[in-house]
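The block underneath contains the structure these notes are about, expressed in structure tokens.
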Amino acid sequence: MKRKIAIIGGGIVGASAAYYLSTLSGHDQLEVTLYDDGTGQATSAAAGIISPWLSKRRNSQWYQLAKDGASLLMQLARQANLATDVYAQTGTIITRTDPTDMSKLWELAKQRAADDPDMGEIAQLTAEQVQEKIPLLSKGQPGVLVSGGARIDGAKFVTELLQQASQVNLTVKHGRVQLDEAGRVITPAGLKRFDELILAAGAWLPDLVAPLGIKVAVRPQKGQLIRLNVQDIQDYENMPVLMPEGERDVIPLGHGELIVGATHDDEGKYDLSVTDEATQDLLGSAQRFVSGLTADSIAEAKVGTRAYTEDHSPFFGRLPKHPKILVASGLGASGLTTGPLIGRLLAGTAIYGGQPDWSKYEKNLANYFS
């Protein structure tokens with residue numbers, strides 16, 4: 001008899017877990033069901049940057065997770081044969097305007113590149129050279145190019161993974177579900193029993209585990225981005241992503257499209273409305289680098305809800321006192337980088353069992369539950 005596994009949440013972690021549950025050894029002995037209502041999902045509203053190597057964050061566990069996550073994504077893109085509009089290794093450019101800060105950034109880049117070949121080639125660029133790499137820009141800043149950096153479309157990424165998994169052993173159910181006090185899944189069609197659960201509900205995890213008598217230290221954060229129509233420059237369809245100092249990230253998609261974002265609004269929480277304040281923030285950031293942009297250039301705005309912990313660290317593993325339930329949350333703005341690796345780790349544990357030691361990636365899971 002095949003083991004039944006349920007995933008609650010179809011964002012970056014849930015979709016990645018579903019994919020690996022359909023590809024890892026032993027997947028032929030599984031029946032997997034994923035539940036997701038799509039409301040507020042951070043991944044579906046995200047077009048992100050995969051470039052953790054020059055982050056200022058001092059959390060060494062987060063850096064190891066993000067670094068290994070970026071490496072896994074390179075492998076996953078090849079394994080799943082992802083199209084370039086889903087994942088593209090375009091390179092990233094991180095800028096600094098102060099010469100001293102630039103020198104520090106360059107030294108960090110050399111140090112990190114020596115330890116991680118997946119960073120690819122690195123180079124110092126003048127403001128003019130940055131403009132040559134990204135001809136859309138009317139203004140450049142000096143920066144460091146990391147050729148291993150990439151851009152990823154969150155919505156297209158999860159859609160592709162779920163489609164591939166659905167051809168193997170996955171059934172996707174659209175709609176909201178709950179847990180009862182015994183950890184069983186309450187669906188619109190009634191009570192469902194599973195051998196293992198993976199809870200990947202992001203900022204909604206506290207509500208999901210509340211019937212178990214558990215509190216989890218996760219808070220929601222609203223994020224908004226905009227997609228702009230810009231000049232379509234032939235032969236420059238895979239321009240590097242720009243991470244300018246003190247500004248929103250600028251993500252050229254090619255074919256006359258540009259993403260700018262995203263905002264970080266702690267007060268917005270679960271509010272999914274597009275706000276003029278955030279739109280003007282994003283548009284203003286774009287206008288400081290690309291001339292001729294107006295409000296009429298905005299083709300689309302997206303809003304999603306991220307999950308954060310107080311120490312800005314993601315967590316994942318077996319839910320304390322509930323050995324058949326795996327959880328993950330708190331990925332914050334780095335979810336597109338860390339989520340696929342977390343999903344793979346959870347999938348492997350669901351298939352093979354055990355209590356793996358993930359201390360190199362995260363703090364003690366009990367820190368986030370009471």
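Against the conditions (1) under 23 Å from residue 70 (Cα atoms); (2) in contact (Cβ under 8 Å) with a residue 12 or more places away in the chain, residue 301 satisfies every one except (1). Taking the conditions (1) in a helix (DSSP H, G or I); (2) touching a Phe, Trp or Tyr at 6+ places or on another chain (Cβ under 9 Å); (3) over 15 Å from residue 5 (Cβ atoms); (4) of a type in the set (Gly, Ala, Ser) in turn, residue 348 satisfies each one other than (3). Among the numbered conditions (1) within 27 Å of residue 128 (Cα to Cα); (2) at pLDDT 95 or above, the only one that residue 97 does not meet is (2).
Of the candidates 76, 105, the single residue that is under 19 Å from the mean Cα position of the chain (by Cα) and among the hydrophobic types (A, V, I, L, M, F, W, C) is 76. Of the residues 163, 141, 178, 167, the single one that is touching a helix residue (DSSP H, G or I) at 6+ places or on another chain (Cβ under 8 Å) and surrounded by fewer than 16 Cβ atoms within 10 Å (Cβ to Cβ) is 178. For the residues 168, 172, the requirement of being in a loop (DSSP other than H, G, I, E, B), closer than 30 Å to residue 30 by Cα and at pLDDT 95 or above singles out 168. Restricted to segment 209-231, and to residues there that are loosely packed, with under 15 Cβ neighbours inside 10 Å and free of Cβ contacts under 8 Å to residues at least 60 places away in the same chain, the residue that is nearest to residue 145 (Cα to Cα) is 210.
Taken over segment 355-368, the criterion of being in contact with a Pro (Cβ under 8 Å, 6 or more places away or on another chain) and at pLDDT below 95 is satisfied by 365, 366. Checking each residue in segment 188-217 for being more than 13 Å from residue 319 (Cβ to Cβ) and in a loop (DSSP other than H, G, I, E, B) picks out 188, 189, 193, 194, 195, 217. Scan segment 175-187 for residues that are in contact (Cβ under 8 Å) with a residue 12 or more places away in the chain and part of a loop (DSSP other than H, G, I, E, B) and the total you get is 6. As for segment 182-191, it holds at least one residue that is among the polar types (S, T, N, Q) and open to solvent by less than 20 Å² (accessible area, probe 1.4 Å).
Residues that are at pLDDT below 95, in contact with a strand residue (DSSP E or B) (Cβ under 6 Å, 6 or more places away or on another chain) and part of a loop (DSSP other than H, G, I, E, B) are absent from segment 327-345 altogether. From the list 110, 133, 104, the one residue that fits, being out of contact with any helix residue (DSSP H, G or I) (no Cβ under 9 Å at 6 or more places or on another chain), surrounded by 15 or more Cβ atoms within 10 Å (Cβ to Cβ), more than 30 Å from residue 9 (Cα to Cα) and not aliphatic (A, V, I, L, M), is 133. If we scan segment 11-32, do we find a residue that is acidic (Asp, Glu) and buried (at least 24 other Cβ atoms within 10 Å of the Cβ)? No, there is no match, as no residue in segment 11-32 is acidic (Asp, Glu) and buried (at least 24 other Cβ atoms within 10 Å of the Cβ). Of 132, 128, all but one fail to be among the acidic types (Asp, Glu), free of Cβ contacts under 8 Å to residues at least 12 places away in the same chain and closer than 30 Å to residue 253 by Cα; the exception is 132. Residue 61 falls short on exactly one of the conditions (1) open to solvent by 10 Å² or more (accessible area, probe 1.4 Å); (2) modelled with pLDDT of 95 or more; (3) over 27 Å from residue 101 (Cα atoms), and that condition is (3).
One line per residue, one yes/no per condition, for (1) at pLDDT below 95; (2) open to solvent by 70 Å² or more (accessible area, probe 1.4 Å):
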| residue | (1), (2) |
| --- | --- |
| 233 | yes, no |
| 237 | yes, no |
| 240 | no, no |
| 255 | yes, yes |
| 264 | yes, yes |
| 268 | yes, no |
| 271 | yes, no |
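For segment 284-298, what are the residues that are over 21 Å from residue 96 (Cα atoms) and either hydrophobic (A, V, I, L, M, F, W, C) or surrounded by 17 or more Cβ atoms within 10 Å (Cβ to Cβ) (or both)? Passing the criteria: 293, 295, 297, 298.
The values are calculated or read from the model by the stated rules, or taken from the named source; none is laboratory data. What you see is a predicted model; the values in this text were computed from it and never measured. Here Cβ is always computed from backbone atoms with ideal geometry, including for glycine, and neighbour counts include all displayed protein chains. To get the accessible areas, we keep the full protein, side chains included, count just its heavy atoms, and leave off ligands, DNA and RNA. Shrake-Rupley method; radii C 1.70, N 1.55, O 1.52, S 1.80 Å.
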